[in-house]
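Down below is the structure, laid out as structure tokens.
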Amino acid sequence: MELARRCLALGWQVTAFTRNPAKAAEAERLGARAVLGELQSAEWWTEFPGQYDHAVNCVGAAAPSIEGYRVSYLDGMNSIEGWLKHTNQSLQNLIFTGSSSVYPQTDGSLVDEGSANEGVSARGQILLDAEQVCLQIPQVYARRRSVVRFSGLYGPGRHLLVDKIRRGESMTGSPNRVLNLTHRDDAASAVLAILQSPDPSEGGIFNACDGQHATRGEIADWVASRVGVPKPAFIGAEEDEGPHRRVDSSKIVRVFGWVPQFADFQSGYEDFLASEES
């Protein structure tokens, strides 16, 4: 929705496709055309008969299960390919927004777009498969195909960590694991940076995060101090085998000139908390 706002502000015509009636109504209030449907089906293809300049697939999983991931991400991306061919599109840009969860590293290493994915989770493998569908779509249907791997989206409407700390709940896992973050507004501006780039040859995979590489403990302690509650306890730290890697997003900065507005979690959470209090 934030991406739609920004595109409309540029004077673009925007169509929002969603399975959520409330989001469809919100999109229409913004000035976008809204279409309700299920991405994985072919029924929506007739709702988009004209020619489009850009298409952004930023679907979220319909359910956290393996099947929910497969239906939303992989089946959904395959359906987009079917629409491109059915309507004979000639997009300037096709973008799939993925996740840095495709990096399985647990040793704190710095990972970039070429880092290994061996040992990725079943959900991560589905995301990788969906990425490949996007990237392998023939150029005649989309001149530039790009995948943006976001990390730890937070901001307006995405503040589960803050809510949990306010309730005084314990955190599960190690406080020393790195938590790579991306503010919602920066996620939208990263996609827009690609859409507005005139060079169609620069496609591929791009990481997008603030690059601060703060630990879960540092973030939790700062948030607790900011909202005036005791620092949360961490339980199960010794058994924690979750992801622990530092995501490098220098490629999208170098190629598209994208610079995050919120380069650290302090500024991002402060913006959210200040707006909440005003």
| So what is log10(I(q)/I(0)) for the chain at q = 0.11, 0.13, 0.15 1/Å, when the Debye sum runs over its Cα atoms only? | -0.67, -0.94, -1.23
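Kirkwood Rh, Cα Rg: Rg to Rh for the range 37-113? Intermediate results must be reported in sequence, preceding the final value.
Working: Rg = 15.2 Å, Rh = 14.2 Å.
A ratio of 1.07.
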| query | How many angstrom separate the Cα center of the range 193-253 from the Cα center of the range 120-148? | reply | 22
| query | In degrees, nearest 10, range 0 to 90: what is the angle between the Cα axis of helix 265-277 and the longest Cα principal axis of the chain? | reply | 90
| field | Angle in degrees between helix 122-135 and the longest Cα principal axis of the chain, rounded to the nearest 10 | value | 40
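In deg cm²/dmol, rounded to 500, what helix-only [θ] at 222 nm does the chain give when every DSSP H run of at least 4 residues adds -39500 (n - 2.57) and the total is split over its residues? Intermediate values should be presented prior to the final figure.
Details: 10 runs with 98 residues, N = 278.
Result for the chain: -10500 deg cm²/dmol, rounded to the nearest 500.
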| remark: Straight-line reach check, K231, cutoff 17 Å on alpha carbons, 8 or more apart in-chain or any other chain, hits among aspartates and glutamates -> D163, E169, E218, D221
| field | Radius of gyration and maximum dimension Dmax of the range 17-167, Cα, Å | value | 16.8, 53
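In what order do F206, F256 fall by count of nearby beta-carbon atoms within 10 Å, going from fewest to most?
Numbers: F206 26, F256 20.
Starting with the residue having the fewest Cβ neighbours, the order is F256, F206.
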| Tell me, M1, M77, M171 in order of fewest to most beta-carbon neighbours within 10 Å? | M1, M171, M77
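Order of L36, L10 from fewest to most other C-beta atoms within 10 Å?
On the way: L36 15, L10 10.
The most exposed by this proxy come first: L10, L36.
Computed from the coordinates by the stated procedures, all read-outs in this text should not be read as laboratory data. Given the structure is predicted, the values throughout are model-derived calculations rather than measurements. Neighbour counts are summed over all protein chains in view; Cβ atoms, including those assigned to glycine, are modelled from backbone coordinates with ideal geometry.
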